[in-house]
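Visitor: I have a structure I would like to understand better, so I am pasting it below and will then ask my questions one at a time.
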Amino acid sequence: MVQAGWIDEEKLNKALKYQVQQACLIGEALVRLHYATEEQVAQALAKQLGIPFASKENQILNPEKGQGLEKAIPEKFARENAVIPLFIENNVLAASMADPTDIMLLDNIKLVSGMEIQPFISTKAQILKVIDSFYQEQAGLIDKVLDKALDGSKGGDTSDSDVVTADGKLDLDRVIMGESKGAQSIKLVNAIMKQAISERSSDIHLEKFDEKVSLRLRIDGVLYERSAPPTDIVDAMISRVKILSKLDISERRLPQDGSFSIKHQNRVIEIRVSVCPTVFGEKLVMRILDKGAVELNVKNIGFEARQMEDFLKAASAPNGLIFLSGPTGSGKTTTLNAVLNTIKSPELNIMTLEDPVEIKMEGISQVQIKPQIGLTFASGLRSFLRQDPDVILVGEVRDNETAEACLKAAMTGHLVLSTLHTNSALEAVPRLLDMGIEKYLLASTLLCLAAQRLVRQLCPDCKVPYRPSQFELDQFAAESMLNPLPDPAKLTFFKAKGCPKCNNMGYKGRKAIYEVYFNTEEIKRIIYRDADVQKIAVEAAKGGAWNLRASGWRKVLAGVTSVEDMLSVTVSEM
């Protein structure tokens, strides 16, 4: 890659250091640092190994029709292993993969296909995209089903008996791809869920208004309009979701909550359902919890090196309190689960109390609260103390009873992690004091305060570099808390553009930004004396900590997000 002029020696050395720190491949390090694209890494690897490079651009990554390739490598195997068949010649199967050095994968392809293998190399992103088109897993399912509905095709209700797995989960792939002539409402619900999953949506919003129907998908925190179903079929669609969620289909005056599970592309996906009556009818919101897409590696969720060190230092303590604050949907549960996933071991008894349990983890006892039968955060925490726990996660501190129970658990030799709804990490101090916690007890048991937000990641394939304006430079200098500041003449920021790989949105995925304050002896004294948030912030800054806005500027500087998106989720504290 150096010989090709794609990177220089300086970038190579930085990537080598990053590779050692993160224990990853050198190609992964170059891509993560935005020194090279996946295509450049694949091309360099192809040249090094003497293996042909296949892409859409050179028209090699284009499976031939009529050769029975879909039987040689079944769709399930192709998706699980990111491999795509290209052609068959003289009983030799040409197949493209992201890692042609994986001997076990090559042997498995040989066993599955019964042929000798000629490997090609491609990027994983392109392979998965070709798999979608080759195996007829196209994203525009809503429009297809809508076209049939508008053409007037009708049918009776379809039974789920032929599309339900042995464990009772709806097999979404078999429902969509099956030949049954089911009711259009059923087909539309399944098509909407399938498209939402393929577009990495977190929520589906379906609602009626006076003269129109609105269907929106929340992707990377932003709602996007999609083709809406006909007005006369919306009630039937909502009833279909109610049946799946085991809700009362006759009740349309009161809000209802439920859930169900679906099976899609060999993954089990949880769907949380909320139905709320409005003046024009019922509004349906479905939250998609795709456990396979959740990142539980604390190194990859967005912590800066210093922040991760402080947070894990607190999480390694034998006892004390750790609070993570932020609004609903900001990724607090994912962060805490990632921390637990990092520190868990057979020597630790870890128990969690959540509402609801979103991510199930091996080796951790997780409990779902049920207020209707008296199992609340506070009562559950009291019972936990008789289970000999070492680490306890409390989903949220909502009242003084729960706050006091957390404090008592921390004082009696347990490590307690929990969340609070405050605008910043340090605002947790006055909130806890308002709940009745004594200052001297809080000062002695508190280990760490943190807050987080989610920023959208710029699409690496189409983001555009630019020289920042003087206004942006002034803000960066005032708010980034970097010392020393980079040379303004050499600063490069990036902005969104849009390409087919990101559905012309310019963004692809989200990354967390944090503020982390480790409770030092001086901060303990401030909390004990007057708990002044401003004094705590000044003392923390002296120790090298920084706030959310400063973390956001670091993500902008690294090319992860844009100035516009970062400013939209953080508040200036200057």
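The values are calculated or read from the model by the stated rules, or taken from the named source; none is laboratory data. No experiment lies behind these values; they were computed from the predicted model shown. Here the Cβ is made from the backbone with ideal geometry for all residues, glycine too, and neighbour counts use every protein chain on show. All accessible areas refer to the heavy atoms of the entire protein, side chains included, with ligands and DNA or RNA removed. Shrake-Rupley method; radii C 1.70, N 1.55, O 1.52, S 1.80 Å.
Visitor: Take segment 22-51 and flag every residue that is in a helix (DSSP H, G or I), under 14 Å from A4 (Cβ atoms) and of a type in the set (A, V, I, L, M).
Guide: L30, V41, A42, A44, L45, A46
Visitor: Something else: Here is a check on your reading of the model: is I343 over 17 Å from the mean Cα position of the chain (by Cα), open to solvent by 20 Å² or more (accessible area, probe 1.4 Å) and farther than 20 Å from G258 by Cα?
Guide: Numbers: over 17 Å from the mean Cα position of the chain (by Cα): yes; open to solvent by 20 Å² or more (accessible area, probe 1.4 Å): yes; farther than 20 Å from G258 by Cα: yes.
Criteria met by I343.
Visitor: Where the second residue is open to solvent by 70 Å² or more (accessible area, probe 1.4 Å) and not in a loop (DSSP other than H, G, I, E, B) and the first is touching a residue at least 60 places away in the same chain (Cβ under 8 Å) and lies in segment 44-58, which pairs have Cβ atoms under 6 Å and are six or more apart or on separate chains?
Guide: As it stands, the answer is F53/Q43, since those pairs meet every condition given.
Visitor: If R272 satisfies all but one of (1) closer than 25 Å to D355 by Cβ; (2) crowded, with 18+ Cβ neighbours inside 10 Å, what's the number of the condition it fails?
Guide: (2)
Visitor: Continuing with this model, one more query. Go through segment 530-573 and tell me which helices (runs of 4 or more DSSP H), entirely inside it, have 1 or more residues that are surrounded by 22 or more Cβ atoms within 10 Å (Cβ to Cβ) and either modelled with pLDDT of 95 or more or small (G, A, S) (or both).
Guide: Values: elements: 533-542, 548-557, 563-569.
Here the list reads 533-542, 548-557.
Visitor: For segment 490-504, what are the residues that are open to solvent by less than 70 Å² (accessible area, probe 1.4 Å) and farther than 23 Å from S551 by Cβ?
Guide: So the first thing to find is which residues in segment 490-504 are open to solvent by less than 70 Å² (accessible area, probe 1.4 Å), and the list is 491-494, 496, 498-499, 501-502.
Within segment 490-504, G498, C499, K501, C502 meet the criteria.
Visitor: Name the single residue that is nearest to H264 (Cα to Cα) among those in segment 89-145 being among the polar types (S, T, N, Q) and either open to solvent by less than 30 Å² (accessible area, probe 1.4 Å) or modelled with pLDDT of 90 or more (or both). Can you show your working first?
Guide: As a first pass, look at segment 89-145 and keep what is among the polar types (S, T, N, Q): 90-91, 96, 101, 108, 113, 118, 122-123, 126, 133, 136, 138.
Narrowing the set further to residues that are either open to solvent by less than 30 Å² (accessible area, probe 1.4 Å) or modelled with pLDDT of 90 or more (or both) leaves 96, 108, 113, 118, 122-123, 126.
Values: S96: 24, N108: 23, S113: 24, Q118: 30, S122: 25, T123: 23, Q126: 20 Å.
My answer is Q126.
Visitor: Looking only at segment 493-515, how many residues end up being in contact with a Lys or Arg (Cβ under 7 Å, 6 or more places away or on another chain) and part of a loop (DSSP other than H, G, I, E, B)?
Guide: The qualifying residues number 3.
Visitor: Something else: Can you spot a residue in segment 63-75 that is outside any loop (DSSP other than H, G, I, E, B) and open to solvent by 70 Å² or more (accessible area, probe 1.4 Å)?
Guide: Yes, because at least one residue in segment 63-75 is outside any loop (DSSP other than H, G, I, E, B) and open to solvent by 70 Å² or more (accessible area, probe 1.4 Å).
Visitor: Still on this structure: Among all residue pairs at least 6 apart or on different chains, which show Cβ distances below 6 Å where the first residue, located in segment 529-542, is farther than 9 Å from Y517 by Cβ and the second is of a type outside the set (S, T, Y) and in a loop (DSSP other than H, G, I, E, B)?
Guide: Close Cβ pairs satisfying both conditions: V533/L426.
Visitor: From (1) within 24 Å of K291 (Cβ to Cβ); (2) surrounded by fewer than 21 Cβ atoms within 10 Å (Cβ to Cβ), pick out the condition that doesn't hold for D248.
Guide: Only one criterion is unmet by D248, namely (1).
Visitor: Enumerate the pairs (first residue in segment 321-349 and touching a residue at least 24 places away in the same chain (Cβ under 8 Å); second residue anywhere and among the basic types (K, R) and surrounded by 21 or more Cβ atoms within 10 Å (Cβ to Cβ)) with beta-carbon separation below 6 Å, excluding pairs fewer than 6 apart on the same chain, so at least 6 apart or on different chains.
Guide: If the second residue must be among the basic types (K, R) and surrounded by 21 or more Cβ atoms within 10 Å (Cβ to Cβ), the pairs left are L324/K332; G326/K332; S330/R453.
Visitor: May I ask you to list the residues in segment 1-21 that are part of a helix (DSSP H, G or I) and surrounded by 14 or more Cβ atoms within 10 Å (Cβ to Cβ)?
Guide: Step one: list which residues in segment 1-21 are part of a helix (DSSP H, G or I), which gives 9-21.
Listed by number, the residues that qualify are K11, L12, K14, A15, Y18, Q19.
Visitor: Sticking with this structure for a sec: Restricting attention to segment 192-216, which residues are among the basic types (K, R) and crowded, with 20+ Cβ neighbours inside 10 Å?
Guide: Looking only at segment 192-216, we keep the residues that are among the basic types (K, R), and these are 194, 200, 208, 212, 216.
The answer is K194, K208.
Visitor: Could I ask something else about it? Looking at I238, I176, I219, which is the one that is β-branched (V, I, T), surrounded by 16 or more Cβ atoms within 10 Å (Cβ to Cβ), at pLDDT 85 or above and closer than 30 Å to G506 by Cβ? Show your work before the answer.
Guide: Numbers: I238 fails: closer than 30 Å to G506 by Cβ; I176 fails: at pLDDT 85 or above.
Going through I238, I176, I219 in turn, just one is β-branched (V, I, T), surrounded by 16 or more Cβ atoms within 10 Å (Cβ to Cβ), at pLDDT 85 or above and closer than 30 Å to G506 by Cβ: I219.
Visitor: Let me ask something additional. Looking only at segment 514-529, decide whether some residue is open to solvent by 30 Å² or more (accessible area, probe 1.4 Å) and closer than 30 Å to S201 by Cα. First the steps, then the outcome.
Guide: Keep residues of segment 514-529 that are open to solvent by 30 Å² or more (accessible area, probe 1.4 Å), which gives 518, 520-522, 524-525, 528-529.
Next, from what is left, pick out any that are closer than 30 Å to S201 by Cα: none.
There is no residue in segment 514-529 that is open to solvent by 30 Å² or more (accessible area, probe 1.4 Å) and closer than 30 Å to S201 by Cα.
Visitor: I need the full set of residues from segment 349-378 which are open to solvent by 60 Å² or more (accessible area, probe 1.4 Å), over 23 Å from N300 (Cα atoms) and not in a strand (DSSP E or B), in order please. Walk me through it before giving the result.
Guide: If we filter segment 349-378 for residues that are open to solvent by 60 Å² or more (accessible area, probe 1.4 Å), which is where we start, we get 355, 360, 362-363, 368, 370-373.
If we keep only those that are over 23 Å from N300 (Cα atoms) too, we end up with 355, 368, 370-373.
Listed by number, the residues that qualify are D355, P371, Q372, I373.
Visitor: Just to be sure, is S330 open to solvent by less than 50 Å² (accessible area, probe 1.4 Å), among the polar types (S, T, N, Q) and closer than 26 Å to I219 by Cβ? It would help to see each step written out before you state the result.
Guide: Values: open to solvent by less than 50 Å² (accessible area, probe 1.4 Å): yes; among the polar types (S, T, N, Q): yes; closer than 26 Å to I219 by Cβ: yes.
Considered against the rule, which asks whether it is open to solvent by less than 50 Å² (accessible area, probe 1.4 Å), among the polar types (S, T, N, Q) and closer than 26 Å to I219 by Cβ, S330 comes out as yes.
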